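Enquirer: I have a structure I would like to understand better, so I am pasting it below and will then ask my questions one at a time.
The values are calculated or read from the model by the stated rules, or taken from the named source; none is laboratory data. Owing to the predicted nature of the structure, the values given are computational and were not obtained by experimental measurement. Cβ coordinates were reconstructed from backbone atoms using ideal geometry, including for glycine residues, and neighbour counts include every protein chain displayed. Remember, those area values only see protein heavy atoms, side chains included, never the ligands or the DNA or RNA. Shrake-Rupley method; radii C 1.70, N 1.55, O 1.52, S 1.80 Å.
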2 protein chains.
Amino acid sequence: MGTEIATLGEFGLIKHLTEGIRLENESSRYGVGDDAAVLAYAPDKEVLVTTDLLMEGVHFDLTYVPLKHLGYKAAVVNFSDIYAMNGAPRQITVSLALSKRFSVEDMEALYAGIRLACEQYHVDIVGGDTTSSLTGLAISITCIGEADKDKVVYRNGAKETDLICVSGDLGAAYMGLQLLEREKAVLKDATDVQPDFSGKEYLLERQLKPEARKDIVERLAEAGVKPTAMMDISDGLSSELMHICTQSNVGCRVYEEHIPIDYQTAVMAEEFNMNLTTCAMNGGEDYELLFTVPIADHEKVERMEGVRLIGHITKPELGRVLITRDGQEFELKAQGWNPLK
Amino acid sequence: MGTEIATLGEFGLIKHLTEGIRLENESSRYGVGDDAAVLAYAPDKEVLVTTDLLMEGVHFDLTYVPLKHLGYKAAVVNFSDIYAMNGAPRQITVSLALSKRFSVEDMEALYAGIRLACEQYHVDIVGGDTTSSLTGLAISITCIGEADKDKVVYRNGAKETDLICVSGDLGAAYMGLQLLEREKAVLKDATDVQPDFSGKEYLLERQLKPEARKDIVERLAEAGVKPTAMMDISDGLSSELMHICTQSNVGCRVYEEHIPIDYQTAVMAEEFNMNLTTCAMNGGEDYELLFTVPIADHEKVERMEGVRLIGHITKPELGRVLITRDGQEFELKAQGWNPLK
């Protein structure tokens, strides 16, 4: 069972979990331990703020998600939102609400994941709140980041003829989730069976330990490309394309054949008898970047590692269209994950 | 029962609740609607960040707390943390997790309270997250504020001979909570009884609709007084005094007779047969400011409206001492509210 959290109390637990944290960033002036954290950003920077609230049973299932992975992912999905503004994450605050079934060791594991993500991405933990909940675990992370004043990229700047680009590949995290859910169902009936995930490691990693595309934001800067619109793909490509089209008041045409999909994702969709393109378009939790660039940047993005051109922006009256391999046209629908349904 | 939230979906609900929000502050560049909010702070400012996570059944009881009041309080307690750094709140993000028993109208009421608090204190809502929970309501608010670079006040600057000051009065919010809990117990057995709160309005207001001491921070600035240490009283005076003593490495002597207590608090403690000083020292949720000033500022703080001198700072080896009306000395103990017990 491990050590009861009540033995440490709120301040004791916070102290225990945040011990040894050193502030890495110039902009982090004072971290954990006062009424508020103190930050100082350079005058040529804009400050970016994003927040996520994750609830047990809704966003994660602890029967197959290790707490350390959960912590890592909870931090990284916030970093991803900051990169999606063409910025860099610098600080997070971490609030946790936990029920009596969690031990000090559980919280150490969760925090180890959060701290590992922070080390990898050079982000400082500067505050938070730790409290109890009647049932389950709640994790609320707020991330603060920065971008040069003229470099922030919104969702509303896509223009007609712009190229639509996507980083990495899509649908793998969703297939990883299907795989874990299937194993959970199988293991419920037979406790002596060990799940065999060999050959499917990539899918599990995409679901359990996603990364934010820091590298793509850096590559864009190096190539001198400033996207006209950008966001990260958390609810599925379809849903995100529609956000960009609505906010930019444009239409789009994307080509099924250009949507990047990993081999393991394809094999798994076959095994599950699922439509591969639907998984890639609506799966969600990819944490890849979706962005648009002026057509003049065509060559630059075409040779950029990890980036694929999937279509282009049109006049709004042409709608939001997916062109299939056999040339049919379909209106895009957001069938992404809806946490309120 | 009201309108089911699923009819609007996540994005629909957020749009509905944040409709008509206009950004008031110069530093709020872009609010709700993208991957992150965009802020721009003047170069002579430091940025303050604080966060709170409130869980139903732990921090609030919806059988007697109206949702609008809850929203107001959830925002104000975060503002209070920013004032406690000698700063001013400018933006908040609001994350909500709600179970199926909440309707769109419930969320409108909660948001109305949050928006009212933001209007009163000139704070902008710039983002958040809305999702579902399996049970109950969770509210996570992060507040961002600013202070002039040389004006931030920490908990660790109190010096020997400094005067200890408290704003307002203490213990009333705690007595308000006792009152509400008693009425809840009474009403459980007798549904036709109306609670009679007359003459106790102040206690209820302090519990249900606390205010943050913006006025005190402004008065200190006007008088040219920069506290050496400051924090807000959320867990009780004893607990907060001990934080200041620990972090400043000092001792303190506070006098029972100088602790500010409202008449209604005293009457109620009598009625409940509770020790009045214990209520004032350990009740919590006062959201008053506790601060220390150099002895040279004695006259300035003595004539400051709404401020009381309650003692002074000593060498650490003299301990943390409460001197009772009859001259006895007691070591301070933090018996404040512990959310993890």
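Enquirer: Among the residues that make up segment B:135-157, is at least one of them polar (S, T, N, Q), surrounded by 21 or more Cβ atoms within 10 Å (Cβ to Cβ) and either within 14 Å of another protein chain (Cβ to nearest Cβ) or over 30 Å from residue A:30 (Cβ atoms) (or both)?
Expert: Yes, segment B:135-157 contains at least one residue that is polar (S, T, N, Q), surrounded by 21 or more Cβ atoms within 10 Å (Cβ to Cβ) and either within 14 Å of another protein chain (Cβ to nearest Cβ) or over 30 Å from residue A:30 (Cβ atoms) (or both).
Enquirer: Tell me which of these residue B:47 doesn't satisfy, since it passes every other one: (1) at pLDDT 95 or above; (2) surrounded by fewer than 24 Cβ atoms within 10 Å (Cβ to Cβ); (3) of a type in the set (Val, Ile, Thr).
Expert: (2)
Enquirer: Moving on to the next point. What is the number of the single condition among (1) over 21 Å from the mean Cα position of the chain (by Cα); (2) open to solvent by 50 Å² or more (accessible area, probe 1.4 Å); (3) under 28 Å from residue A:95 (Cβ atoms) that residue A:194 does not meet?
Expert: (3)
Enquirer: Filter segment B:178-191 for residues that are assigned to a loop (DSSP other than H, G, I, E, B) and open to solvent by 60 Å² or more (accessible area, probe 1.4 Å) and give the result.
Expert: B:191
Enquirer: Of the numbered conditions (1) over 30 Å from residue A:185 (Cα atoms); (2) open to solvent by 30 Å² or more (accessible area, probe 1.4 Å), residue A:63 fails exactly one; give the number of that condition.
Expert: With respect to (1) over 30 Å from residue A:185 (Cα atoms); (2) open to solvent by 30 Å² or more (accessible area, probe 1.4 Å), residue A:63 is out only on (1).
Enquirer: Now for a separate question. Need the failing condition index for residue A:218 against (1) in a helix (DSSP H, G or I); (2) open to solvent by less than 20 Å² (accessible area, probe 1.4 Å); (3) within 21 Å of residue A:117 (Cβ to Cβ), just the number.
Expert: Going through (1) in a helix (DSSP H, G or I); (2) open to solvent by less than 20 Å² (accessible area, probe 1.4 Å); (3) within 21 Å of residue A:117 (Cβ to Cβ) one by one, residue A:218 breaks only (2).
Enquirer: Would you check which residues across segment A:14-44 are within 7 Å of chain B (Cβ to nearest Cβ) and exposed (fewer than 14 other Cβ atoms within 10 Å of the Cβ) and list them?
Expert: A:43
Enquirer: Return a yes/no flag: does segment A:163-177 have any residue that is open to solvent by less than 50 Å² (accessible area, probe 1.4 Å), in contact (Cβ under 8 Å) with a residue 60 or more places away in the chain and within 14 Å of chain B (Cβ to nearest Cβ).
Expert: Looking through segment A:163-177, none of the residues is open to solvent by less than 50 Å² (accessible area, probe 1.4 Å), in contact (Cβ under 8 Å) with a residue 60 or more places away in the chain and within 14 Å of chain B (Cβ to nearest Cβ).
Enquirer: Restricting attention to segment B:101-131, report how many residues are assigned to a loop (DSSP other than H, G, I, E, B), away from chain A (no Cβ under 11 Å) and more than 24 Å from residue A:143 (Cα to Cα).
Expert: Qualifying residue count for the region: 1.
Enquirer: Can I ask one more? Would segment B:324-332 turn up any residue that is modelled with pLDDT under 95, assigned to a loop (DSSP other than H, G, I, E, B) and within 26 Å of the chain's Cα centre (by Cα)?
Expert: Yes, the conditions are met somewhere in segment B:324-332.
Enquirer: Only one of these is within 11 Å of another protein chain (Cβ to nearest Cβ) and open to solvent by less than 10 Å² (accessible area, probe 1.4 Å): A:79, A:11. Name it.
Expert: A:79
Enquirer: Which residue pairs have Cβ atoms under 7 Å apart, sit 6 or more places apart or on different chains, and have a first residue in segment B:279-297 that is within 16 Å of residue A:34 (Cα to Cα) and open to solvent by 10 Å² or more (accessible area, probe 1.4 Å) and a second that is in a strand (DSSP E or B) and at pLDDT 95 or above?
Expert: If the second residue must be in a strand (DSSP E or B) and at pLDDT 95 or above, the pairs left are B:287/B:232.
Enquirer: Which ones in segment A:243-275 are free of Cβ contacts under 8 Å to residues at least 24 places away in the same chain and either on the phi > 0 side of the Ramachandran plot or within 14 Å of chain B (Cβ to nearest Cβ) (or both)?
Expert: Within segment A:243-275, A:246, A:273 qualify.
Enquirer: Filter segment A:132-177 for residues that are among the charged types (D, E, K, R) and assigned to a strand (DSSP E or B) and give the result.
Expert: Of everything in segment A:132-177, those that are among the charged types (D, E, K, R) and assigned to a strand (DSSP E or B) turn out to be A:146, A:148.
Enquirer: Also, quick follow-up: Quick check on my filter: what residues within segment A:259-273 are in a helix (DSSP H, G or I) and open to solvent by 60 Å² or more (accessible area, probe 1.4 Å)?
Expert: Correct list: A:263, A:267, A:270, A:271.
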